[in-house]
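These notes are about the structure you will find just below.
The values are calculated or read from the model by the stated rules, or taken from the named source; none is laboratory data. What you see is a predicted model; the values in this text were computed from it and never measured. Cβ atoms come from the backbone with ideal geometry, glycine included; neighbour counts cover every protein chain shown. We work out accessible area using only protein heavy atoms, side chains counted, and drop any ligands, DNA or RNA first. Shrake-Rupley method; radii C 1.70, N 1.55, O 1.52, S 1.80 Å.
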Amino acid sequence: MHQMTLAEIARGLADKKFSSEELTKVLLARITQLDPQLNSFISLTEELALEQAKAADARRANGESGALLGAPIAHKDLFCTQGIRTSCGSKMLDNFKAPYDATVVAKLAAAGAVTLGKTNMDEFAMGSANESSWYGAVKNPWNLEHVPGGSSGGSAAAVAARLLPAATATDTGGSIRQPAAFTNLTGLKPTYGRVSRWGMIAYASSLDQGGPLARTAEDCAILLQGMAGFDQNDSTSIDEPVPDYSASLGDSLQGLRIGVPKEYFSAGLDPRIAELIQNSIKELQKLGAVIKEISLPNMQHAIPAYYVIAPAEASSNLSRFDGVRFGHRCEQPKDLIDLYKRSRGEGFGPEVQRRIMVGAYALSAGYYDAYYLKAQKIRRLVKNDFMAAFNEVDIILGPTTPNPAWKLGAKNSDPVAAYLEDVYTITANLAGLPGLSMPAGFVDGLPVGVQLLAPYFQEGRLLNVAHQYQLNTDWHTRPPTGF
């Protein structure tokens, strides 16, 4: 049962081959048995899961249907879940139980999805390795000595290890696509505003976007269908019709124009990954796609711009965690200033503190124009590059990451080295574009991903290309040894 995809589970439930309750019990037992090796879950919600599974079975017995009705999933632990701990991977929120459900959680619950638990993550989504979590690092099921990527590493590791078929995740600078690449999954970052951010604890409000992590493009289409849509509670949500993402999966790729930016194949890219990307291009050419070299000239400025904008927004968003209303509070504060200082100093880990300090500096009166304003101007240049490129091509293709997953602890002493691993993913967040990573092969036994980018609200096109590619390759079907 644990080897089934979301699509296979939907068919099995519809054909009454098993019940949601039976499947949920199998997966809960598997998580209990195997997750101690991975540390991919922060909270298991057995009672809720069995209750939701029984309700889904009852709904099916009454004639209801739906791809997510009775399907088991998990939520990254920054989506608020009513009455359940929502920690953001931080000591600051270790005791926080959300009083309401995030829109994504509510929408998926209404569709009948079964929540097995909350997955581990980099603290407040700040990291590329899932090593900054207060609950400990997550291990990559492909090699337990390596990172699974971050910040959605818990969701990625759990899905890759077949502990469950799919999970929600978030992407601020590549935090869905990079873990997908490191763990042999398909991960989709939707257009900014396509999925509601209400109830999703913010890191950088103009960059954060929720999306699905699963083993196949078909499964991502199913989960995104349940997540997407306008939400009046979210001022950044866009009122745009949501298409049937599964309906276009079978479309032909004949004549599809794929752009390959020359800047992607620089000295920083592992040559073995470059070779796998070229192999992926050849596969898509066989399916009728037309390849064209393009240029994204401002890509080189994206990392410095991102690491000004994101920490600046984080310093603002995280100012609410002050030990007063909720979250960690220091013991016996002498006065209000002492309460603030010690609560925040004790509650936040080193990476979060580092980014808050950088952000506060960039927003300070003497440096706002020199750093934050200039970074926003670069952001516009990055967006303009993409708009020009999409006048020539339908899709942009390249590597998801410059290197395979590194060893646990290998970059802890040099945060900038980890930041540079986001070089191919952050541009989509700066521009607000949809992006997808899909499995493309292995280097030294570790998975490698190929990234696809599309114009705004063209998630269906990304899923179509990935699905057609996966019908003709088998990288995505390979499980990690021991799982």
Choose one of ALA410, ALA55, GLY398: the residue whose Cα lies farthest towards the positive end of the charge dipole of the chain (beta-carbon charges +1 Lys, Arg; -1 Asp, Glu; about the Cα centre).
ALA410
Within the set LYS25/LYS91; LYS189/LYS383; LYS54/LYS107, which residue pairs have Cα atoms separated by over 20 Å?
LYS25/LYS91
Cα pair distances of the stretch 257-316 binned at 10 Å [whole percent]:
19, 35, 27, 16, 4
To the nearest 20 Debye, how big is the dipole of the chain about its Cα centre, given +1 on the beta carbon of each Lys and Arg and -1 on that of each Asp and Glu?
260
If the cut-off is 12 Å between C-alpha atoms, which aspartates and glutamates fall inside it for LYS118, apart from same-chain ones fewer than 8 positions away?
GLU46, ASP77
Out of ALA157, LEU452, LEU318, whose Cα points farthest toward the positive end of the dipole of the chain (charges: +1 Lys, Arg; -1 Asp, Glu; placed on Cβ)?
LEU318
Might you work out the accessible area of ILE201 for me, using a 1.4 Å probe with all protein chains in place, and round it to the nearest 10 Å²?
30
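Could you compute Rg(Cα) / (2.2 N^0.38 Å) for the chain, with N its residue count?
0.92
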Can you report the principal axis dimensions of the stretch 158-232 using only the alpha carbons, biggest first, rounded to whole angstrom?
35, 22, 18
Just tell me the longest site-free run in the chain, where the sites are GluC sites (Glu not before Pro) in a DSSP loop having at most 13 other beta-carbon atoms within 10 Å.
146-330
In the chain, what % of DSSP beta bridges are antiparallel (nearest 5)?
70
What are the chymotrypsin sites (Phe, Trp or Tyr not before Pro) within the stretch 94-199 that DSSP puts in a loop, where the Cβ has at most 15 other Cβ atoms within 10 Å?
TYR100
Where q = 0.22 Å⁻¹, what log10 of I(q)/I(0) comes from the Debye formula for the stretch 259-380, counting one point per Cα?
-1.15
If R0 is 22 Å, what FRET efficiency do you get for LYS262 and MET387 from their C-beta distance, rounded to 0.05?
0.75
Straight-distance crosslink candidates among lysines, where the alpha carbon sits under 18 Å from LYS282 and sequence neighbours closer than 8 are dropped:
LYS262, LYS292
Over all alpha-carbon pairs of the stretch 370-483, lay out the pair-distance distribution in 10 Å bins, whole %, shortest bin first.
12, 35, 33, 17, 3, 0
Order by protection proxy (mean Cβ within 10 Å, highest first), peptides 211-217, 175-181, 403-409, 295-301
175-181, 211-217, 403-409, 295-301
If I model a spin label as a point 7 Å beyond the Cα along the Cα-Cβ vector, how far apart are those points for LEU144 and ASP239 in nm?
5.3
Can you list the HN-Hα couplings for the stretch 458-473, worked out from phi with the Karplus curve (6.51, -1.76, 1.60; θ = phi - 60°), rounded to whole Hz and with x for Gly and Pro?
9, 4, x, 5, 4, 5, 4, 4, 5, 5, 5, 4, 6, 5, 10, 9
So what's the net charge close to GLY127: Lys and Arg +1, Asp and Glu -1, counting the other residues with Cβ under 12 Å from its Cβ?
-3
Which whole-Hz ³J(HN,Hα) couplings does the stretch 9-22 yield from phi under the Karplus relation 6.51 cos²θ - 1.76 cosθ + 1.60, θ = phi - 60°, glycine and proline marked x?
4, 4, 5, x, 5, 5, 8, 6, 6, 7, 9, 5, 5, 4
Got the relative contact order for the chain handy, in percent, Cα pairs under 8 Å and 6 or more residues apart?
18
Could you work out the pair-distance distribution P(r) of the stretch 361-411 from its alpha-carbon pairs, with 5 angstrom bin width and percents rounded to whole numbers?
4, 15, 12, 11, 12, 14, 19, 11, 2
What is the extension gain from ARG85 to LYS407, computed as 0.36 nm multiplied by their sequence separation minus the C-alpha to C-alpha distance, in nm to one decimal?
112.9 nm
Pulled fully out, how much extra length does the chain show between GLU331 and ASP369, if you take 0.36 nm times their separation in residues and subtract their Cα-Cα distance?
9.7 nm
Please sort by residue number the trypsin sites (Lys or Arg not before Pro) in the stretch 291-394 whose DSSP state is loop and whose Cβ has at most 12 other Cβ atoms within 10 Å.
ARG325, LYS334
Given H placed 1.01 Å from N in the peptide plane, which residues other than close sequence neighbours of HIS146 have an amide H under 5 Å from its amide H?
ASN140, LEU408
Rounded to the nearest 20 Debye, what is the dipole magnitude of the stretch 309-402 about its Cα centre when Lys and Arg each give +1 and Asp and Glu each give -1 at the C-beta?
260
